[in-house]
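Structure record follows, encoded as structure tokens.
The values are calculated or read from the model by the stated rules, or taken from the named source; none is laboratory data. Because the structure is predicted, anything quoted here is derived from the model rather than measured. Methodologically, a virtual Cβ is constructed for each residue, glycine included, from the backbone with ideal geometry; neighbour enumeration extends over all protein chains shown.
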Amino acid sequence: MFEYTLVHWVTFLSAAVLLNLSPGPDIAFILGQTLRSGRQHGFAAMFGIWTGAALHVALAAVGLSAILATSALAFSIVKWVGAAYLIWLGVRMLLSPGDQFVSSEKVGSIRIPSIYRQGVFVSALNPKVAIFFLAFLPQFVVTGAGPAWAQLLLHGSLIIVVAAFIEPPLVIVGARLGAFLKKNPRVGLWMDRSLGALFVALGARLATSTR
């Protein structure tokens, strides 16, 4: 079981690295929370994103993601909920007093479990992720290498493993940048507004997306 060629692994891992490096709501959320609240909150956001991704992998493995690919109604419902959530996060940043990067007292008031849950929602409520996994993972299913669902689960899990090598350094760098922003109120205000605008834009893009 799970016998693959070297070419198979090189192709898959290269694609997985490019996937994790591509900008999107996941990376934006992780970096945004890191910059605003520090390393611990950044890691909480990262683990939340991974949990949401793991849910998509599990759904793809059992075939439930096919519902989103074939049902316009199901896709629209999840899409609009996800878009509304991203826009809500963005509007909160835009309407904030602009001291998220400056006041260290507020960091403790933002509970880590709350950030984790937000990360789960950001990832899980993005139907494009589910459809991507459904379209991407089957390309690496090899006849005779094991049950299809097991191969899908293996490759989907490895995408998250690859993320474990890429995203933690981003959190560490982001935490250092966040410390710098706390000493520069104007830059912090600009970053707060920029991140809010980014989330609104990502939500709008998701809302206008099609299957």
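Is it the case that Phe43 is surrounded by fewer than 21 Cβ atoms within 10 Å (Cβ to Cβ), of a type outside the set (Ser, Thr, Tyr), more than 17 Å from Leu137 (Cβ to Cβ) and at pLDDT 85 or above? Taking the combined requirement at face value, the residue does not satisfy it.
Please identify the pairs in which a residue from region 76-95 that is more than 20 Å from Trp190 (Cβ to Cβ) has its Cβ atom under 7 Å from the Cβ atom of a residue that is in a loop (DSSP other than H, G, I, E, B), counting only partners at least 6 apart or on another chain. From residues that are more than 20 Å from Trp190 (Cβ to Cβ), the pairs are Val78/Leu125; Lys79/Ser209; Val81/Leu125; Gly82/Leu125; Gly82/Asn126; Tyr85/Leu125.
Across region 56-75, the qualifying residues are those that are of a type outside the set (A, V, I, L, M) and at pLDDT below 80, and the one among them that is surrounded by the fewest Cβ atoms within 10 Å (Cβ to Cβ) is Thr70. Give me a count of the residues in region 133-182 that are of a type outside the set (A, V, I, L, M, F, W, C), part of a helix (DSSP H, G or I) and touching a residue at least 24 places away in the same chain (Cβ under 8 Å). Adding up the residues that qualify gives 9.
Take the residues in region 154-211 that are among the β-branched types (Val, Ile, Thr) and modelled with pLDDT under 75; name whichever of them is nearest to Ala44 (Cα to Cα). Going through the qualifying residues, I end up with Val187.
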